[in-house]
Each structure stands twice: as C-alpha cells, then as structure tokens.
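Peer 1: Okay, handing you the structure first.
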Amino acid sequence: MTAVSPACPKTMEYGPCGGVAVDGTCEVADHRCVFLDAATVEWSGIDRDGTRMPRPGERTAAARAMRDLIATRPIVVTDFPARALSLASIDECAQALAGRVDAVLAGDAGTARVQFPPAYRASLVQRRGLPVWAGLNMRDRNRVAVEGELAALAVEGVAGVHCVTGDHTLTGHRPDAAPVFDLDSTEAVSLARAAGHLVSVAESPAAPPTAQRAPRLGEKVRAGADVCFVNHAGGVEPVRRFVDEVGSQHTELAGFIPCVPVVTDRGSAELLASFTTLVLPDGFIDRILSARDPEAEGIALAVALSEQFLEIPGVIGINLSGGRDGGEMRFATAMATTADRLGLGG
Ligand code: SF4
C-alpha cells in the first residue's frame, strides 16, 4: 500500500504559514510542515493556473493618504486591544488611541475567534477618529466573502488591509468551527490590491524554513503587497538582515513595519513568553519580570526597541503589539504612552 503524503491543513498554495514550530513541525498536524523541504512557490495567480491574476486597482483615497504619510515620516501602528463584540470596549480603546497613533491593526485574536466582521469593526473604530489597518484572515470566509469584505473596507476607507492566512480553527477557542482556507495570504493580497487598498502582509524571519522567508515575501510583493509587518524575530539585528535581504531585491515594497512587544504586567510578560514561535530580544522578558514597576519597564523597553528599529533603512514605522483579556484599557493606554514618547503618531 502506498503511503499517503501529509497535506497542509490550511490547504495553502503559497506556503508555508508563519506557524511552523522551531523543530519544523506543522502548527496544526502531527507531521513536518509540507513546505519545509520544497522550493519557494512562485506567484502565478490564484489557483496557480494563471487564469486569475487580478489587475491592481486604482488606490482608494485612504490608501493614498496613508502612502503620503509614510513618505513624510515614520508611522506608529498599534494592535487594537479592545474586547471582542463589545461596543463599549471598542469605543473606550478607540478614544484612548485616537490622535496618538496613526492607525490600529484590528485583526484576529486567538482568545476570541468570533469578532465583528472586519468592515463593521473598522466602521465602529473609525467613527471615533482612529484610522484602521484592517486584518483579514482566510480561515473564516471563502473568496466570495473575502471579495465582499474588501469592497466594504474600500467604502469604509481603511488605511490599509493586512492579509493573513490565519491560524487554524483547531488553535484558539473555537475548534468546533470548520476552517475555510479557500485562499491563502498571497492570493488574498492580489484581491486586496485589485480592490485599491494599501496592502500589507506578515512575515516571520525566525520561523522555519528561515532561508525561505525572504524569497517568500518576495512572492507576496509580486502578488501586490506594499508593506511587510515583521513578526518578533529576536531584536534589531535579525530584522536588519531580513530587511536588507528583501529590500535590496524588491524596491517596489514601500517598506517594513517591525512588531514591538508592549508588556504591561507580569501576566502579559508570561503570556508573551509562552508563544514559542515568537523570538524576543535577549533578556526582554526577564528585565520586565524583575522590574519593580513592570509596566514602566515594559514601556521603556518598547520605546528603546522602536527607536532602534526606526534607524534601519527601509523601516517605515513600528507596530506596537500586545494585549490580554481583561487588560484592554491598560494596553491601549500603554500603547498611546509609548507612541507619545516616540513623538510620532496621530
Ligand atoms: S505549518 Fe502551516 S503551512 Fe506548514 S503544513 Fe502546517 S498549516 Fe500548512
């Protein structure tokens, strides 16, 4: 009997995802990531048959405005820490961040898979005067629903759209839900660009196969990506190497936005340390855990790391990331304070 090859649980065409474990194990299944030993998959259209290669659309006014801002100065984007499905929490956090950061990355959360639809959430946030960079995952909707969301996000006038394949439903708090994964992040990029958005993607330089992370980003750029959010990769030098490697080959990329961890207390430090696929700068968590005032130390470290990232040629901004159930306003306030100290944003 012939052995059946393992398949990607996310049915990715342009893998691998960012969730490959450090030993090469799949994020979801009990086998090696199927892309680990394969060549980088070249962008050749949705479904890789060349028949669906959407044309880039005319940029929305909001996309042009964000591109103009990026051309003027570094930007500060933050995660949006509001409680899912809570109008009060969304309003409260939006008010805390409005005028102090340039946009919030309103995306997925492992602890709250059920969220308001992206365009509706963007509307709720933007009515408070806070621009949204909308996260769009491929786990929860097929290509038709994705195209509908992209159209609604264009009408809403979001600053950018962040296309991710997304975590599998087997991780997070709704393992009962069927995963969709009709498209993956690279395919979604082309649809978002066709809808006129400023399009970002994520890449994780520290995730296996590390040698393929830069070429893989290159394929996302060929699909239409404008900006790369760089996941925690171990500090300044790993990010610098990654930016140098990609940036020298893809000058059409507007730039890179590294993620900067914001930690407000022991609980959030320990939560961050538990994410085994994230690589933090040496001593980062220890310094916060041993500080007399962990929040003040967390903000000071976030400011210092942001300033170092912003010195890297090709880095156009930073993304203050973090959040924890029950600590929504504390995070929003800490992120706003960090942005204030950087003298950027809003
Ligand atoms: S790690 Fe990600 S890309 Fe690799 S097989 Fe698993 S789900 Fe697919």
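Peer 1: Consider ALA38 carefully, then state whether it is near the ligand (Cβ under 8 Å from one of its atoms), in a loop (DSSP other than H, G, I, E, B) and without any contact (Cβ under 8 Å) to a residue 60 or more places away in the chain.
Peer 2: No.
Peer 1: Of the conditions (1) under 18 Å from THR78 (Cα atoms); (2) within 16 Å of the ligand (Cβ to nearest atom); (3) open to solvent by less than 40 Å² (accessible area, probe 1.4 Å), SER185 clears all except one; give me its number.
Peer 2: Status for SER185: all satisfied but (1).
Peer 1: Just for region 12-28: of the residues that are out of contact with any helix residue (DSSP H, G or I) (no Cβ under 8 Å at 6 or more places or on another chain), more than 6 Å from the ligand (Cβ to nearest atom) and assigned to a loop (DSSP other than H, G, I, E, B), which one is nearest to SER44 (Cα to Cα)?
Peer 2: Residue satisfying both the conditions and the ranking: GLY18.
Peer 1: To continue, here is another question. Based on this model, can you work out whether VAL236 counts as surrounded by 22 or more Cβ atoms within 10 Å (Cβ to Cβ) and in contact (Cβ under 8 Å) with a residue 40 or more places away in the chain? Break it down into steps so the answer makes sense when it comes.
Peer 2: Values: surrounded by 22 or more Cβ atoms within 10 Å (Cβ to Cβ): no; in contact (Cβ under 8 Å) with a residue 40 or more places away in the chain: yes.
The answer is no for VAL236.
Peer 1: I would also like to ask the following. Can you go through ALA207, ALA202 and tell me which one is in contact with a Phe, Trp or Tyr (Cβ under 8 Å, 6 or more places away or on another chain), within 15 Å of the ligand (Cβ to nearest atom) and under 17 Å from GLY110 (Cβ atoms)?
Peer 2: Details: ALA207 fails: in contact with a Phe, Trp or Tyr (Cβ under 8 Å, 6 or more places away or on another chain).
Only one candidate qualifies: ALA202.
Peer 1: So is PHE275 among the aromatic types (Phe, Trp, Tyr) and modelled with pLDDT under 95 or not? Break it down into steps so the answer makes sense when it comes.
Peer 2: Details: among the aromatic types (Phe, Trp, Tyr): yes; modelled with pLDDT under 95: yes.
Yes.
Peer 1: Looking at (1) outside any helix (DSSP H, G or I); (2) at pLDDT below 90, which is the only condition SER268 fails?
Peer 2: Result: SER268 passes all but (1).
Peer 1: Out of all the residues in region 300-323, which are open to solvent by less than 10 Å² (accessible area, probe 1.4 Å) and farther than 16 Å from ILE288 by Cβ? Give the derivation first.
Peer 2: First pass over region 300-323, keeping only residues open to solvent by less than 10 Å² (accessible area, probe 1.4 Å): 302, 306, 309, 312, 317-320.
Across region 300-323, the qualifying residues are PHE309, ILE312, GLY317, ILE318, ASN319.
Peer 1: Filter region 324-343 down to residues that are open to solvent by 60 Å² or more (accessible area, probe 1.4 Å) and free of Cβ contacts under 8 Å to residues at least 40 places away in the same chain and give me whichever is farthest from ALA269 (Cα to Cα).
Peer 2: In this case the residue turns out to be GLY343.
Each row is one residue, and each column tells you yes or no for (1) at pLDDT 95 or above; (2) surrounded by fewer than 20 Cβ atoms within 10 Å (Cβ to Cβ); (3) closer than 22 Å to GLY218 by Cα.
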| site | (1), (2), (3) |
| --- | --- |
| ALA3 | no, yes, no |
| LYS10 | yes, no, yes |
| VAL28 | no, yes, no |
| VAL34 | yes, yes, yes |
| ASP37 | no, yes, yes |
| PRO54 | no, yes, yes |
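Peer 1: Looking at region 29-45 only, could you name the residues that are acidic (Asp, Glu) and more than 13 Å from TYR14 (Cβ to Cβ)?
Peer 2: Within region 29-45, ASP30, ASP37 meet the criteria.
Peer 1: From the list ARG32, ARG67, ARG55, ARG48, which one is of a type in the set (D, E, K, R) and under 15 Å from PRO131 (Cβ atoms)?
Peer 2: None of the other options fit; the residue is ARG67.
Peer 1: Which pairs turn up if I take residues in region 12-29 that are closer than 11 Å to SER204 by Cα and in contact (Cβ under 8 Å) with a residue 24 or more places away in the chain and look for partners that are open to solvent by 30 Å² or more (accessible area, probe 1.4 Å) and near the ligand (Cβ under 6 Å from one of its atoms) with beta carbon separation below 6 Å, at least 6 apart in sequence or on another chain?
Peer 2: The qualifying pairs are GLY19/GLU27.
Peer 1: Something else about it: Would you call GLY45 of a type outside the set (S, T, N, Q), surrounded by 15 or more Cβ atoms within 10 Å (Cβ to Cβ), within 11 Å of the ligand (Cβ to nearest atom) and within 21 Å of VAL161 (Cα to Cα)?
Peer 2: Details: of a type outside the set (S, T, N, Q): yes; surrounded by 15 or more Cβ atoms within 10 Å (Cβ to Cβ): yes; within 11 Å of the ligand (Cβ to nearest atom): no; within 21 Å of VAL161 (Cα to Cα): yes.
Against the criterion (of a type outside the set (S, T, N, Q), surrounded by 15 or more Cβ atoms within 10 Å (Cβ to Cβ), within 11 Å of the ligand (Cβ to nearest atom) and within 21 Å of VAL161 (Cα to Cα)), GLY45 does not qualify.
Peer 1: Now a separate question. Give the residue that is least open to solvent (accessible area, probe 1.4 Å), with candidates limited to residues of region 188-227 that are under 14 Å from the mean Cα position of the chain (by Cα) and among the polar types (S, T, N, Q).
Peer 2: Here the answer is SER200.
The values are calculated or read from the model by the stated rules, or taken from the named source; none is laboratory data. Quantities reported herein were computed from a predicted structural model and do not represent experimental measurements. Using ideal geometry, Cβ is built from the backbone for each residue, glycine included, and neighbour counts are taken over all protein chains shown. Just the protein is used for accessible areas: all its heavy atoms, side chains included, with ligands, DNA and RNA removed. Shrake-Rupley method; radii C 1.70, N 1.55, O 1.52, S 1.80 Å.
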